[in-house]
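Asks: Below is one structure. I have some questions about it.
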Amino acid sequence: MTVVLKLGGSVVTEKETPETVDDEALAAAADAVAASDHDVVVIHGGGSFGHHHAAEYGVSTTEGTHDVAGVQAIHGAMTRLNSRIVTALTERGVPAVPVHPFSAADRGADGTLTLPTGQVRTLLSEGFVPVLHGDLVAHAGEGATVLSGDELVVELAPAVDADRVGVCSTVPGVLDEDGAVIDRIEAFEDAAAALGGSDATDVSGGMAAKVRALLELESPASVFGPDALSAFLDGDAPGTTIEADR
Ligand code: IPE
């Protein structure tokens, strides 16, 4: 069973304090991955490592920078977080290895992402747990822009033929207008009211963009909170299941 797991940046970092890992939360997440016997690809977000540097240099998924100091600050912070996560996993016996998307991916002038995935597939089949992260990406005409962890999920799930996709975030699932977890989403309309309507544009990777992207995948996806990570890896479908009705 192959699982693609995204750990939201706010799950493993203290979002308000720059470059600070939430050690307890990271330990709990690493314990859960260590207890799983699936082939896992881990993708983590930026939290307090990526986002404040990106904001400082005015970089988003569409607005880039040519400032090398900005590139070093943003990419450097993400590699530091990646190293902390890889270390937490290896300390628990997980054969985790870092994969840095900035070294391999690029965006065309129209924003189209090209991400080589051969090394992730080979690492998986050789028994490793590749650990990728939201990063910067070379972007034609823009310099370097942000590559979000959610974009990586969408590219990697089909590339590794994932059986399941998990998005662990700080909320327990996709919430309806009353704040209750929506059990199952089979079409965007199922959650449109809660997510701000089907016209909502969302370039920053909020929940509407996540739901749209996950509906495109062949594999079923779950959006759940940190407390449900072990249950997800054990095969349960906690939080919200997102699977297009085809
Ligand atoms: C952001 O990745 C990466 C950078 C800011 C460089 P994500 O967008 O996936 O991060 P989270 O999960 O929202 O923190």
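The values are calculated or read from the model by the stated rules, or taken from the named source; none is laboratory data. None of these values were measured; they are calculated from a predicted model. Reconstructed Cβ throughout: ideal geometry from the backbone, glycine too, with neighbour counts over all protein chains shown.
Asks: Mind listing just one residue for me: the one in region 68-95 that is without any contact (Cβ under 8 Å) to a residue 60 or more places away in the chain and not in a helix (DSSP H, G or I) and, of those, surrounded by the fewest Cβ atoms within 10 Å (Cβ to Cβ)?
Replies: In this case the residue turns out to be G93.
Asks: For G58, work out the one condition from (1) more than 19 Å from V146 (Cβ to Cβ); (2) exposed (fewer than 13 other Cβ atoms within 10 Å of the Cβ) it doesn't fulfil.
Replies: Condition (1) is where G58 drops out.
Asks: Determine, yes or no, whether A29 is farther than 23 Å from A144 by Cβ, in contact with a Cys (Cβ under 9 Å, 6 or more places away or on another chain) and in a helix (DSSP H, G or I).
Replies: Yes.
Asks: Of all residues in region 26-68, count the ones that are under 22 Å from G111 (Cβ atoms) and near the ligand (Cβ under 10 Å from one of its atoms).
Replies: Total meeting the criteria: 11.
Asks: Hey, could you check region 1-24 for residues that are surrounded by fewer than 20 Cβ atoms within 10 Å (Cβ to Cβ) and not acidic (D, E) and say which is farthest from the ligand (Cβ to nearest atom)?
Replies: Across region 1-24, the extreme among qualifying residues is M1.
Asks: Separate question: Within region 194-216, does at least one residue satisfy the condition of being farther than 16 Å from G173 by Cα, of a type in the set (A, V, I, L, M, F, W, C), crowded, with 18+ Cβ neighbours inside 10 Å and modelled with pLDDT of 95 or more?
Replies: no
Asks: Taking the conditions exactly as written (under 16 Å from the mean Cα position of the chain (by Cα), within 22 Å of L26 (Cα to Cα) and in a strand (DSSP E or B)), does G173 satisfy them or not?
Replies: Answer is no for this residue.
Asks: When L147 is evaluated against the numbered criteria (1) over 15 Å from the mean Cα position of the chain (by Cα); (2) within 16 Å of the ligand (Cβ to nearest atom); (3) not aromatic (F, W, Y), which criterion, by number, is the only one it fails?
Replies: Only one criterion in (1) over 15 Å from the mean Cα position of the chain (by Cα); (2) within 16 Å of the ligand (Cβ to nearest atom); (3) not aromatic (F, W, Y) is unmet by L147, namely (1).
Asks: Another question about this same structure. Quick one: which of G141, G166 is within 14 Å of the ligand (Cβ to nearest atom) and not charged (D, E, K, R)?
Replies: Among G141, G166, only G166 is within 14 Å of the ligand (Cβ to nearest atom) and not charged (D, E, K, R).
Asks: A further question on this structure: Which residues, taken from region 151-178, are out of contact with any strand residue (DSSP E or B) (no Cβ under 7 Å at 6 or more places or on another chain) and either surrounded by 23 or more Cβ atoms within 10 Å (Cβ to Cβ) or farther than 21 Å from F232 by Cβ (or both)?
Replies: Passing the criteria: E177, D178.
Asks: Given the criterion assigned to a strand (DSSP E or B), within 21 Å of M1 (Cβ to Cβ) and within 13 Å of the ligand (Cβ to nearest atom), identify the matching residue among L152, L132, L136.
Replies: The conditions single out L132.
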